[in-house]
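Enquirer: Take this structure first; my questions come after.
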Amino acid sequence: MAHQSDSDTGLEDQRDAGTASGVSNSDYDYSNFYYSSSDDLFAIFGPYDDWWYGTARKNGYYLFSQPMSTPPGAQINLEEQLNHQPVELLNLASYNYLGLSHHPEVIAAAKQALDHYGLGAAGSPILSGTMDVHLTLEKELAAFKKKEAVMVFPTGYSTNVGLLSALLRPGDWVILDQNVHASIVDGAILAKAQVRFFRHNQPADLEKKLRGTTGKRLVVVEGVYSMDGDMVCLPEMVEVSKRHGAKIMIDEAHSTFMYGKEGRGVAEHFGLEDEVDIHVGTFSKALGGQGGFVAGSQSLYNYLMGFARSRVFSCALAPAVTAGVLQALRITKREPQLRATLWSNVAHFRGLMSAGGVDVGDSTSQIIPIMIRNDRRILAIAQKLQQAGLYLQPIIFPAVAKHRSRFRVSISATHTTAQLDQAAAILINTLREEGIL
């Protein structure tokens with residue numbers, strides 16, 4: 001394969017420095033290929049491919065994007081991508097928290113909608129893509145969330161990007177917890193708003209960052225943070241925001257349908273649903289589907305109809321998926337025992353981790369990080385876990401900061417106690433063998 005020279009790509013100095021200091025190609029990661037000094041837009045591809053095929057893939061990066069041939073349940077089959085071998089694994093990596101992605105009623109509802117509506121919406125929501133099933137989902141979700149209106153988006157990512165870029169303008173302020181999801185950061189960037197980050201879950205630093213700001217201001221937090229599994233200290237965040245006259249938004253992607261007496265999320269858990277100005281959630285976690293939503297006032301809904309570009313210029317959510325999500329919502333309302341089972345499983349697994357001396361950070365939720373903090377070693381450990389029968393994906397840069405690598409356990413209501421015991425034993429034994437514990 002012919003590639004440009006290192007001088008063409010702007011990597012010559014970097015590679016020479018690496019060789020001089022004893023750093024090999026195996027020490028590179030994604031961050032080494034973010035910039036190129038070449039004027040050729042494609043010049044970076046050659047060195048990147050050299051790294052990817054020569055080092056990265058065979059040393060563990062193949063673990064990403066391995067194709068499953070089963071639903072994302074407690075036990076899965078996938079094709080291992082290094083040797084192309086089928087394997088059966090215990091699954092602790094999927095967001096299918098309530099096990100609804102493959103619930104028989106959800107599948108039946110999606111099949112019925114597929115027969116009735118066909119494959120896709122074949123249009124954007126504001127033109128020809130809105131169908132009655134979309135409006136039914138929005139109406140029932142608004143009633144569930146006890147809000148005037150809910151707007152459905154085709155993905156969770158497009159929800160945050162569309163919402164923030166619709167509301168914010170150059171000169172406005174958006175104050176973000178430093179650990180918010182990339183979709184929130186990208187929405188703020190697209191809006192060209194003035195962005196400040198405050199230290200994770202620290203109201204005092206939020207207070208500091210709000211001082212000196214004037215005009216339109218929006219504070220954004222998450223209900224449960226997806227990489228650390230800790231819950232927002234929402235009462236304090238609301239108090240600081242309101243005192244400074246700022247609006248507050250909560251993204252409950254990993255907490256809606258699980259937290260609170262009725263499952264409406266962390267805002268319900270704290271009794272602050274009416275104090276939070278904008279509520280965001282997704283369908284791809286607890287409901288096992290796809291898409292996202294914004295819940296709030298009817299006026300907010302009306303405005304987003306015209307200005308949320310990620311929705312205006314995207315095809316509407318597929319009607320079959322919409323019908324499946326709608327049925328999943330109805331099941332969560334009808335069967336609160338799903339949440340009870342989830343939290344029982346979380347407590348059981350957390351107890352096993354504590355007894356084994358495993359570092360789980362500050363997690364209090366169904367997301368349990370297994371802190372490794374070694375960007376190179378975690379890939380080898382992940383391979384050993386998979387060989388032992390456990391599907392638990394490594395989380396490395398850019399999903400988390402460098403040297404903050406971890407595995408991220410996602411507990412489901414469908415896990416049995418025996419499966420959790422077996423998974424914990426594999427994890428603890430492997431970490432002991434690797435000297436992590």
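Enquirer: Please list, in order along the stretch 276-288, the HN-Hα scalar couplings obtained from phi with the Karplus expression 6.51 cos²θ - 1.76 cosθ + 1.60 (θ = phi - 60°), rounded to whole Hz, x for Gly and Pro.
Expert: 8, 7, 9, 10, 10, x, 10, 9, 8, 9, 4, 8, x
Enquirer: Just want the answer: with Cβ charges of +1 for Lys and Arg and -1 for Asp and Glu, which residue in Ala423, Tyr62, Leu338 is farthest toward the dipole's positive end in the chain?
Expert: Comparing the listed Cα positions along the dipole, Leu338 ranks first.
Enquirer: Counting other Cβ atoms within 10 Å, which chymotrypsin sites (Phe, Trp or Tyr not before Pro) in the stretch 295-333 have at most 16 and lie in a DSSP loop? Before the final figure, lay out the partial values.
Expert: On the way: sites: Tyr301, Tyr303, Phe307, Phe313; in loops: Phe313.
Counting only loop positions with at most 16 other Cβ atoms within 10 Å, the chymotrypsin sites (Phe, Trp or Tyr not before Pro) in the stretch 295-333 are Phe313.
Enquirer: Taking other Cβ within 10 Å of each residue's Cβ, how do Ile76, Ile250, Ile372 sort, fewest first?
Expert: Details: Ile76 19, Ile250 27, Ile372 23.
By the 10 Å Cβ count, ascending, the order reads Ile76, Ile372, Ile250.
Enquirer: Let me ask something else. Could you give the nm distance between label points at Ser299 and Glu207, where each point is 7 Å from its Cα heading toward the beta carbon?
Expert: Each label point lies 7 Å from its Cα, and together they span 3.0 nm.
Enquirer: Let me ask something additional. For Val409, enumerate residues with amide H under 5 Å from its amide H, sequence gap 5+ or separate chain, H modeled in the peptide plane.
Expert: Answer set, sorted by chain and number: Ile368, Ile370.
Enquirer: Grab the beta carbon distance between His348 and Ala399, set R0 = 30 Å, and tell me the FRET efficiency rounded to 0.05.
Expert: Details: r = 27 Å, r/R0 = 0.90.
My answer for the efficiency is 0.65.
Enquirer: Okay, next question. Hey, how many Å between the Cα centroid of the stretch 38-87 and the Cα centroid of the stretch 168-241?
Expert: Cα centres, the stretch 38-87 to the stretch 168-241: 34 Å.
Enquirer: Let me ask another. Taking only DSSP H segments of four or more residues, each worth -39500 (n - 2.57), what value at 222 nm results for the chain once the sum is divided by all its residues, to the nearest 500 deg cm²/dmol?
Expert: On the way: 16 runs with 169 residues, N = 437.
My calculation for the chain gives -11500 deg cm²/dmol from helical runs alone.
Enquirer: Please state the charge dipole magnitude for the stretch 146-204, taken about the Cα centre, from unit charges on C-beta atoms (+1 on K and R, -1 on D and E), reported in debye and rounded to the nearest 20.
Expert: Numbers: 6 positive and 4 negative charges, 20 e Å.
That gives the stretch 146-204 a dipole magnitude of about 100 debye.
Enquirer: Also, quick follow-up: Given axes a ≥ b ≥ c from the Cα gyration tensor, I'd like to know whether the stretch 390-437 is rounded (a/c under 1.5), prolate (a/b larger than b/c) or oblate. Working shown, then result.
Expert: Details: a/c = 3.60, a/b = 1.41, b/c = 2.56.
The shape class here is oblate.
Enquirer: Using the crude model of +1 on Lys and Arg Cβ and -1 on Asp and Glu Cβ, and no other charge, please compute the dipole size for the chain relative to its Cα centre, in debye to 20.
Expert: Details: 39 positive and 45 negative charges, 232 e Å.
Once rounded to the nearest 20, the dipole reads 1120 debye.
Enquirer: Further question: Please name whichever of Gly223, Ala182, Ala399 sits farthest to the positive end of the charge dipole of the chain, dipole taken about the Cα centre and charges placed at Cβ: Lys and Arg +1, Asp and Glu -1.
Expert: Of Gly223, Ala182, Ala399, it is Gly223.
Enquirer: On to the next question. Sort His403, His254, His279 so that the residue with the fewest other Cβ atoms within 10 Å of its own Cβ comes first and the one with the most comes last.
Expert: Details: His403 11, His254 27, His279 24.
In order of increasing Cβ crowding within 10 Å: His403, His279, His254.
Enquirer: Also: Number of Lys pairs in the stretch 104-334 with C-alpha atoms less than 20 angstrom apart, excluding same-chain neighbours closer than eight positions?
Expert: The number of close lysine pairs in the stretch 104-334 is 26.
Enquirer: Starting from the eigenvalues of the Cα gyration tensor, five times each then square-rooted, give me the equivalent ellipsoid semi-axes of the chain, largest first, whole Å. Present the calculation step by step, with values, prior to reporting the outcome.
Expert: Numbers: eigenvalues 241, 163, 116 Å².
Equivalent-ellipsoid dimensions as semi-axes: 35, 29, 24 Å.
Enquirer: Full-extension gain between Asp362 and Leu190, please, as 0.36 nm times their residue separation minus the C-alpha to C-alpha distance. Let's see the in-between values first.
Expert: Numbers: separation 172, 0.36 × 172 = 61.92 nm, distance 3.15 nm.
Value of the extension gain: 58.8 nm.
Enquirer: State the answer as a single residue: which of Asn302, Gly288, Gly271 lies farthest towards the positive end of the charge dipole of the stretch 195-317, with beta carbon charges of +1 for Lys and Arg and -1 for Asp and Glu, about the Cα centre.
Expert: Result: Asn302, furthest along the dipole toward the positive end.
Enquirer: Arrange the following residues from fewest to most other Cβ atoms within 10 Å of their Cβ: Ser65, Ser310, Ser255.
Expert: Details: Ser65 8, Ser310 23, Ser255 30.
So the ranking, lowest neighbour count to highest, is Ser65, Ser310, Ser255.
Enquirer: Oh, and also: Under unit Cβ charges (Lys, Arg +1; Asp, Glu -1), what dipole magnitude, rounded to 20 debye, does the stretch 104-334 have relative to its Cα centre?
Expert: Numbers: 25 positive and 24 negative charges, 95 e Å.
That gives the stretch 104-334 a dipole magnitude of about 460 debye.
Read-outs: derived from the displayed coordinates by stated rules, not from any lab. If you're wondering where the values come from, they're calculated on a predicted model, not measured in any experiment. Heads up, the Cβs are rebuilt from the backbone with ideal geometry, glycines too, and the neighbour counts pull from every protein chain shown.
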